[in-house]
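All of the numbers you see were taken from the coordinates with simple rules; none came from a lab. The model shown is predicted, which means the values in this text are computed figures rather than measured ones. A quick note on method: Cβ atoms are made from the backbone with ideal geometry, for glycine too, and the neighbour counts reach across all protein chains shown.
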Amino acid sequence: MSLNTHAIRAIYRFEMARTFRTLGESIASPVLTTSLYFIVFGAAIGSRMGDIDGVSYGAFIIPGLVMLSLLSESISNASFGIYMPKWSGTIYELLSAPVSYVEVVLGYIGAAATKSLVLGLLILATARLFVPYEIEHPLWMLCFLVLTALSFSLFGFIIGLWADDFQKLQIIPLMVVTPLTFLGGAFYSIHMLPPFWQQVTLFNPVVYLISGMRWSFYGVSDVNVVVSAAMILAFLLACLAAVWWIFRTGWKLKA
C-alpha cells in the first residue's frame, strides 16, 4: 500500500506552523527553564560537589536535563496536536477523508518528534554556555534522542486521544512523567542510593533512558546500554500497538 505523502506533508506542515506561531511557549520557555537548572545545579551547586563517576557534576546532569525536556515536550506537543481536532470537532473531517491512520500518525508524530529534537539540540547548545562537556558516542546520542522523541510523542498522542478536557492533558506529564524523571537519576547516579532503593529504582523506566543517554556522553551508565536501548524499543513498540488498537476499534475517536 502506497502512502499518501501529500496528506502526511499537510498534517506535518500544519503542526510545524503552529510551533512557529508560538515560539515563546514552544522553544524559548523550555530552553530558559533548563538554563535555570544549569545555573542553579550546574554552576551554584555543582561547583561545591565532587565528580560523579569521573564526570563533573555540572556535566553529569546534562543528559538528565535533556531527557527531562525531551520527555515533557514530546508528550505535550503530540497530545495537544491531536486533542485540538477532537476539541474543535475537525477530527471527524480527518477520519472521513481518504487518509489512513498510518498517514495521520506519521504526520502528527513526525511533527511532534521534530519539535522535540530541535529543542533537545538547542538545550545541548545552551548547556555549552554553562558547562564544558564532550560526547563520546555522538551517533548513539542521536539514536537515543530520536528513539525517545518518537516513543514519547506516540505516548503523548495516546494521551491526547484519551483526554476529555484540557486538564487531563497535564495529569500524566505532571503527576507521572516528571516525578519519574527526577527519581530516575537525572541529578544523581542510582549507585549513590542504598542497595534496596537501587533495586526499586530499576522499575522506573526513565532510569534506562537517562542512563543510556549518559553513556552516549561519557561512557558511564547505571545500567547496561544494551538494556537501555532494548527498553526504549520495547516502549516504542508498545505505543505503536496501542495506537493501532485505538484506530482499529475507534476508541475515543468515534464517540
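Tabulated data
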item: Relative exposure of S221, S96, judged by other C-beta atoms within 10 Å (fewest first); result: S96, S221
item: FRET efficiency for M192 and F166, using Cβ-Cβ distance with R0 set to 41 Å, rounded to 0.05; result: 0.60
item: Computed label-point distance, nm, for sites T22 and A238 using a 7 Å Cα→Cβ extension; result: 2.8 nm
item: Value at 222 nm in deg cm²/dmol, rounded to 500, when DSSP H runs of n ≥ 4 in the chain each add -39,500 (n - 2.57); result: -22500 deg cm²/dmol
item: Under 5 Å, built H, 5+ apart or other chain: amide partners of I52; result: Y57
item: Magnitude of the charge dipole, the range 5-249, Cβ model with Lys/Arg +1 and Asp/Glu -1, debye to 20; result: 360 debye
item: K252-R9 FRET efficiency (beta carbon distance; Förster radius 45 Å; 0.05 resolution); result: 0.95
item: The range 106-152: C-alpha gyration tensor shape, a/c 1.5 cut-off, then a/b vs b/c; result: oblate
item: Extension gain, L32 back to E136 (0.36 nm per residue minus Cα-Cα distance, nm); result: 34.8 nm
item: Positive-pole candidate from W197, S116, P138, dipole of the range 5-249, charges at beta carbon; result: S116
item: Around G110: net Lys/Arg minus Asp/Glu count, Cβ-Cβ under 12 Å; result: +1
item: Angle between the chain longest axis and helix 225-249 axis [Cα atoms, degrees, rounded to 10]; result: 20 degrees
item: P(r), alpha carbons of the chain - 10 Å bins starting at zero, rounded %; result: 7, 30, 34, 20, 8, 1, 0
